[in-house]
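J.: Handing you this structure, nothing more for now.
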Amino acid sequence: MMFNKMKLWKNQNNSSILRDKINKIKELPVPEHVAIIMDGNGRWAKKRALPRVAGHHEGMKVVRKTTMLANELGIKTLTLYAFSTENWKRPKNEVDYIMKLPEEFLGTFLPELVENNVQVKMIGYKDQLPGHTLRAIEKAMDQTRNNNGLVLNFALNYGSRLEIVDAVKKVIIDTQNGKLQSSELDEQVFSSYLMTAGFADPDLLIRTSGEIRLSNFMLWQLAYSEFWFTDVLWPDFSEEHLLEAIEVFQKRQRRFGGI
Ligand code: FPP
């Protein structure tokens, strides 16, 4: 049976095999924070002789399925790398298209997110985002502010090295103006200067499309995360794949440097 062809969440008619898997996974601790590098949209489109943006559009639909399953599994935070500070180098038509996706996604699915108690957040540099993109995200953040289910955190115009450099600059300013003593600076305090302040570090990082690299994503925050890579292209990423990643995570022993 092809699970990725099923409209699982639309009709709430999970197949019994998938439902059993979900129940089994929920018997063990699930990762609290899952971060995903959603890669392979362009290749997915190329394989079908479609324009690259068709891959991004298909990828947007997978964002919905993944969000709904993560929420059902009791994952607390799902961070999705949607656009990096380096992605501005792409052709203008592709950048413009990606910048319209949050509006389309939230325009269609915000009521469903609200209904399912999902809270929308974002990390990344807001200033360079087009007004229409930022407005869509801010509206969603506002309308889901009081929800306490899954946090759906979009990393949009996000770059980890710049985030770290900016955090260092803020630390310097705070030590100069007396808000922070340099002796007080430790890992926890430094984390509070990052865009992810208030978020737990990801427990599990997933990257699709067969690339084995971090691409400037959450370099500080992923220090002790488990990594799961798959050759599956993001538009083909199904509920089955997320469950498989979590099953693998549940079998791993995390030692955080201990024995
Ligand atoms: C990387 O694949 C993907 C992106 C840079 C864009 C990701 C965006 C989405 C999945 C949609 C986001 C949806 C919302 C709601 C914001 P690639 O284009 O680098 O693929 P390739 O390596 O095969 O060329």
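J.: Which residue, of Asn216, Asn177, is more than 24 Å from Lys61 (Cα to Cα) and within 16 Å of the ligand (Cβ to nearest atom)?
T.: After ruling out the rest, the residue left standing is Asn216.
J.: To continue, here is another question. Counting just the residues of the range 52-68 that are among the β-branched types (Val, Ile, Thr) and either under 22 Å from Leu243 (Cα atoms) or buried (at least 22 other Cβ atoms within 10 Å of the Cβ) (or both), which one comes out nearest to the ligand (Cβ to nearest atom)?
T.: Val63
J.: Separate question: Might you let me know whether the range 141-149 holds any residue that is within 14 Å of the ligand (Cβ to nearest atom) and under 28 Å from Pro51 (Cβ atoms)?
T.: Within the range 141-149, none of the residues are within 14 Å of the ligand (Cβ to nearest atom) and under 28 Å from Pro51 (Cβ atoms).
J.: Could you tell me whether Glu86 is more than 16 Å from the chain's Cα centre (by Cα), acidic (Asp, Glu), surrounded by fewer than 21 Cβ atoms within 10 Å (Cβ to Cβ) and within 9 Å of the ligand (Cβ to nearest atom)?
T.: No.
J.: Considering each residue of the range 222-253, count those that are without any contact (Cβ under 8 Å) to a residue 40 or more places away in the chain and in a loop (DSSP other than H, G, I, E, B), and give that number.
T.: Counting residues in the range 222-253 that are without any contact (Cβ under 8 Å) to a residue 40 or more places away in the chain and in a loop (DSSP other than H, G, I, E, B) gives 6.
J.: Next question, about the same structure. Only one of these is at negative phi, assigned to a helix (DSSP H, G or I) and either modelled with pLDDT under 95 or away from the ligand (no atom under 12 Å from the Cβ) (or both): Asn93, Asn13. Name it. Outline the logic, then answer.
T.: Values: Asn13 fails: assigned to a helix (DSSP H, G or I).
Just one listed residue meets the conditions, Asn93.
To keep it simple, each residue is scored yes or no on (1) exposed (fewer than 13 other Cβ atoms within 10 Å of the Cβ); (2) part of a helix (DSSP H, G or I).
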position: Ala155; (1), (2): no, no
position: Leu162; (1), (2): no, yes
position: Lys169; (1), (2): yes, yes
position: Leu180; (1), (2): no, no
position: Ser209; (1), (2): no, no
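J.: A further question on this structure: Would you check which residues across the range 39-51 are surrounded by 18 or more Cβ atoms within 10 Å (Cβ to Cβ), near the ligand (Cβ under 6 Å from one of its atoms) and in a helix (DSSP H, G or I) and list them?
T.: Within the range 39-51, the first condition is being surrounded by 18 or more Cβ atoms within 10 Å (Cβ to Cβ), and the residues that meet it are 39-42, 44-45.
Those left that are additionally near the ligand (Cβ under 6 Å from one of its atoms): 39-42.
Within the range 39-51, Asn41, Gly42 meet the criteria.
J.: Let me ask something else. What residue, among those in the range 150-170 that are in contact (Cβ under 8 Å) with a residue 60 or more places away in the chain and over 19 Å from Asn116 (Cα atoms), is farthest from the ligand (Cβ to nearest atom)?
T.: Leu162
J.: A follow-up question, please. Just to be sure I understand the filter: pairs with C-beta atoms under 7 Å, separated by 6 or more residues or on different chains, first member in the range 78-90 and within 28 Å of Leu150 (Cα to Cα) and free of Cβ contacts under 8 Å to residues at least 12 places away in the same chain, second member more than 11 Å from the ligand (Cβ to nearest atom) and among the polar types (S, T, N, Q). Which pairs pass?
T.: As it stands, the answer is none, since no pair meets every condition given.
J.: Within the group Thr79, Thr66, which residue is of a type in the set (Ser, Thr, Tyr) and outside any helix (DSSP H, G or I)?
T.: After ruling out the rest, the residue left standing is Thr79.
J.: Can you pull out every residue in the range 96-144 that is free of Cβ contacts under 8 Å to residues at least 12 places away in the same chain, within 19 Å of the chain's Cα centre (by Cα) and under 16 Å from Phe83 (Cα atoms)?
T.: Leu134, the sole residue that qualifies.
J.: Do we find that Ala35 is surrounded by fewer than 17 Cβ atoms within 10 Å (Cβ to Cβ), within 16 Å of the ligand (Cβ to nearest atom), at pLDDT 95 or above and of a type in the set (Gly, Ala, Ser) in this structure?
T.: Spelling it out, it is not the case that Ala35 is surrounded by fewer than 17 Cβ atoms within 10 Å (Cβ to Cβ), within 16 Å of the ligand (Cβ to nearest atom), at pLDDT 95 or above and of a type in the set (Gly, Ala, Ser).
The values are calculated or read from the model by the stated rules, or taken from the named source; none is laboratory data. Quick caveat: nothing in here was measured; it's all calculated off a predicted structure. Virtual Cβ from ideal backbone geometry, glycine too; neighbours counted across all protein chains shown.
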